[in-house]
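These notes are about the structure you will find just below.
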Amino acid sequence: MGYELFVWHEAAPISADAAEAKVREGTFHSHPAVPALRAELLRHFPPQQAPGVWAATPQESDSVLELSCVWSRAGEFGDAVRTLAARHGLVCYEPANRLLDPNAPASGGR
């Protein structure tokens with residue numbers, strides 16, 4: 001079992017319901033902060049590092065990152081992703097609990 005987060009850019013506030021719909025439909029727009037966040041996460045959590053955090057190394061994308069980590073590192077990983085996503089002005093959404101990061105600049109809360 002793993003822990004999954006989605007990260008992308010929104011120009012305006014978004015609700016958790018709208019975030020869930022975007023994840024289901026895959027409707028994301030390109031933004032330079034998305035690949036910048038991926039690069040920063042890979043520096044922070046190198047894929048070859050043992051014990052590894054990644055359940056799967058995130059694919060390159062300029063619109064959305066689907067991030068999956070091993071369950072044993074979910075707390076540390078989730079905190080780091082939310083902090084870095086907020087710094088990059090990105091929305092962070094956890095689909096398992098339908099949680100939208102309330103600290104993201106473009107979020108409208110839950």
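Please specify each residue of segment 66-110 satisfying the condition of being at pLDDT below 90 and either acidic (Asp, Glu) or assigned to a strand (DSSP E or B) (or both). Of everything in segment 66-110, those that are at pLDDT below 90 and either acidic (Asp, Glu) or assigned to a strand (DSSP E or B) (or both) turn out to be Asp101, Ser107. Of the numbered criteria (1) over 17 Å from Arg98 (Cα atoms); (2) in contact with an Asp or Glu (Cβ under 9 Å, 6 or more places away or on another chain), the one Pro47 fails is (2). Restricted to segment 12-30, and to residues there that are crowded, with 16+ Cβ neighbours inside 10 Å and of a type in the set (Val, Ile, Thr), the residue that is nearest to the chain's Cα centre (by Cα) is Val23. For segment 61-84, the set of residues classified as over 15 Å from Tyr3 (Cβ atoms) and in contact with a helix residue (DSSP H, G or I) (Cβ under 7 Å, 6 or more places away or on another chain) consists of Ser61, Asp62, Ser63, Val64, Leu84, listed by residue number. Checking each residue in segment 31-60 for being assigned to a loop (DSSP other than H, G, I, E, B) and surrounded by 13 or more Cβ atoms within 10 Å (Cβ to Cβ) picks out His31, Phe45, Pro46, Gly52, Val53, Thr57, Pro58.
Restricted to segment 61-74, and to residues there that are small (Gly, Ala, Ser) and out of contact with any Ser or Thr (no Cβ under 7 Å at 6 or more places or on another chain), the residue that is surrounded by the most Cβ atoms within 10 Å (Cβ to Cβ) is Ala74. Checked against the criterion of being at pLDDT 95 or above, farther than 10 Å from Val7 by Cα and of a type in the set (S, T, N, Q), segment 33-50 has no qualifying residue. Given (1) closer than 16 Å to Ala85 by Cα; (2) not in a loop (DSSP other than H, G, I, E, B), identify the lone condition not met by Glu10. Tallying (1) closer than 16 Å to Ala85 by Cα; (2) not in a loop (DSSP other than H, G, I, E, B), Glu10 fails exactly one: (2). The set of residues in segment 19-30 that are assigned to a helix (DSSP H, G or I) and free of Cβ contacts under 8 Å to residues at least 12 places away in the same chain comprises Ala21, Arg24, Glu25.
The values are calculated or read from the model by the stated rules, or taken from the named source; none is laboratory data. None of the values given here were measured: they were computed from a predicted structure. Cβ sites come from the backbone with ideal geometry, for glycine too, and all protein chains shown count toward neighbours.
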